[in-house]
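The block underneath contains the structure these notes are about, expressed in structure tokens.
Read-outs throughout are calculated quantities, based only on the coordinates presented, and are distinct from any laboratory measurement. Computed from a prediction, not measured in an experiment: that's the story for all the values here. Cβ coordinates were reconstructed from backbone atoms using ideal geometry, including for glycine residues, and neighbour counts include every protein chain displayed.
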Amino acid sequence: MKFLLEKGGSVEIVLVSNNIHPTEKGRELLDFLKEKELFKGKFNEVYSDISPKGENIILLGLGDEEELTLDSLRKAFYKVAKELKKYKIDSVGVTIPKFKDLCYKSTVTAITEGFLQSEYSFDKYLSDKKDKSSLEEVYFDVLEEKKEKALEAIKEAEILSEAIFLTRDLVNERPMYMYPEVLANAAKENLEELGIKVDIYNKKAIEELGMKAFLAVAEGSSKEPRFFVMTYNGDPDSKEKIALVGKGLTYDSGGYAIKPGDSMDTMFTDMAGSATVIGALRAIAKAKIKKNVVGIVAACENLISGSAYKNGDIVGSMSGKTIEVLNTDAEGRLTLADALWYAAKEVKADKIIDLATLTGACIVALGNLTAGAITNDEDLMDEVKKASELAGEYVWQLPSYPEYKELIKGDFGDLKNTGGRGAGTITAGLFLEEFVDKTPWVHLDIAGTAYGDKAKGYLPKGATGAHVKTLYYLVKNM
Ligand code: BES
Ligand code: MN
Ligand code: ZN
């Protein structure tokens, strides 16, 4: 899909809202449709007049301009792009007005994103691929004085969409092909070409680092674990570093606390946190953001075998703290314990964000729409919230009163890896806090947002790529 800043296209999209009324093209059609109550200009309403004798226009309702947001623009233009594909239209034009409360550049980014989102599918294993007829050219008629900004906006949307698609592809890939070594190599393949250094540690090197909690989880698999560190130095003049840590379970069977089959069949997505970090780093480097960022992933599989760790084990960790494993299915926090300690103590990051498909409890609390957040630093939390609003990706902070920590205090080890039935997302987050050593930190539980069992808005069924944009804007605006 190519974007051109001029008038053109075989079909024109005509925007209709309470403040915008089509002037020449579409006026007559709109009056006719309004009269018949066939099209009212409500948000996300689409009417196509495409036939040999038609006007070759698509009316797109935007509803009340006061209520228009960047995310609603993404959704509306995604819908139009899908409609255009249905009609096998290969070029389209639209005049982009200045909407009342929206920044013009962000408007262009959001509209471009909407178009681009329509391009994604994960169909590599389908014998009968869906028709891939594609929209080749999109003409934007933009305000003359904003042409420069519009070009930057399009570039940014292209970078973000490509990164999101990478994240989705990594998450959607099936576990027989996607195991720790493959994930680490994928990071290398997608990041090194952009000047990001990717260091990969094998099992022996992980043992030398003393990552005992991570290794305990990895023990049950015949596939070796990998620990990998992705270093982007966008601002060599600064010492400041932000660490992005992602959960990297390429499969989570639950281990001896084995999951029932219907909870296990999507557990190849349990590396979504790490895929989000890889996608975000790609976007950050491609956009040449002037910041220093270090991505960190402890990748392994949680399986059963004669050497697997067991419910009841007490394991060590890189930090020296010991952990009672009450449940082998609470494995993510064990791998993250060592990855976070590495971020705090070896990388000496100034700020840490971690992303993890950590708890089913988070899906119970917030569904698939919103990620749960836990923090030890309200200022960093505010930055994450601002970035997530720009991105159109919801985040909701959960309480972290110190009393909750009682629930994960160990009896025979320093900590236990589950805190009982209540407040599962909070106790999981507070467990992680034990390993950041007071570094400003925000944890995002993305168990619900990383993967959808049906398509929603511009998000497809399957991996969503959610939070790549949040990380990008967070780093960019820091
Ligand atoms: N990977 C799961 C969490 C999960 C569940 C992600 C559903 C996506 C969809 C995690 O490792 C897990 O199993 N958590 C347990 C923790 C419990 C044993 C304390 C859970 O949520 O049941
Ligand atoms: Mn688990
Ligand atoms: Zn898991």
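What to note about this one:
- To the nearest ten degrees, helix 378-391 and the longest principal axis of the Cα atoms of the chain are 40 degrees apart.
- In a fully extended conformation the segment linking LEU4 and ALA455 would gain 159.4 nm over its present Cα-Cα distance, using 0.36 nm per residue.
- FRET efficiency, 1/(1 + (r/R0)^6) with R0 35 Å, evaluated for SER133 and PHE32 via beta carbons: 0.75
- Annotation note: chymotrypsin sites (Phe, Trp or Tyr not before Pro) in the range 348-438 located in DSSP loop regions with a Cβ neighbour count of at most 13 within 10 Å are PHE412.
- The residues SER134, SER17, SER274, when put in order of fewest to most other Cβ atoms within 10 Å, stand as SER134, SER17, SER274.
- Taking the number of Cβ atoms within 10 Å of each Cβ as an exposure proxy, the fewest-first ranking of VAL182, VAL94 is VAL182, VAL94.
- Degrees between helix 272-286 axis and first principal axis of the chain (Cα, 0 to 90, nearest 10): 60
- Extension gain from ASP235 to GLU192, taking 0.36 nm per residue of separation minus the Cα-Cα distance: 13.8 nm
- For the chain, calculated [θ]222 nm from helices alone, where every DSSP H run of n ≥ 4 adds -39500 (n - 2.57): -10500 deg cm²/dmol
- A dipole drawn for the chain from +1 and -1 charges on Cβ atoms has a positive end, and of GLY312, VAL294, ALA423 the residue lying farthest that way is VAL294.
- Degrees separating the helix 424-433 axis from the principal Cα axis of the chain, which is the longest one: 70
- Cut-off 11 Å between beta-carbons: net charge of the residues surrounding LEU369, Lys and Arg +1, Asp and Glu -1: 0
- Whole-Hz ³J(HN,Hα) from phi, Karplus 6.51 cos²θ - 1.76 cosθ + 1.60, for the range 60-76, glycine and proline x: 10, x, 10, x, 7, 4, 4, 9, 5, 10, 4, 5, 5, 5, 4, 5, 5
- Among residues other than ALA343 with Cβ under 12 Å from its Cβ, the summed charge is -1 (Lys and Arg +1, Asp and Glu -1).
- Put in line by how crowded their Cβ is, counting other Cβ atoms within 10 Å and starting with the fewest, CYS103, CYS300 read CYS103, CYS300.
- Sparse packing (at most 16 other Cβ atoms within 10 Å of the Cβ) combined with a DSSP loop state is found for the following GluC sites (Glu not before Pro) in the range 159-245: GLU240.
- What the phi angles of the range 46-57 give under the Karplus curve with 6.51, -1.76 and 1.60, with θ = phi - 60°, is a coupling list of 10, 10, 9, 10, 10, 6, x, 9, x, 7, 6, 10 Hz, glycine and proline written as x.
- A Cβ-based charge dipole, computed about the Cα centre of the range 91-220 with Lys and Arg at +1 and Asp and Glu at -1, lands at about 320 debye.
- Net charge of the neighbourhood of ILE242, taken over other residues with C-beta under 9 Å away and scored Lys/Arg +1, Asp/Glu -1, is +1.
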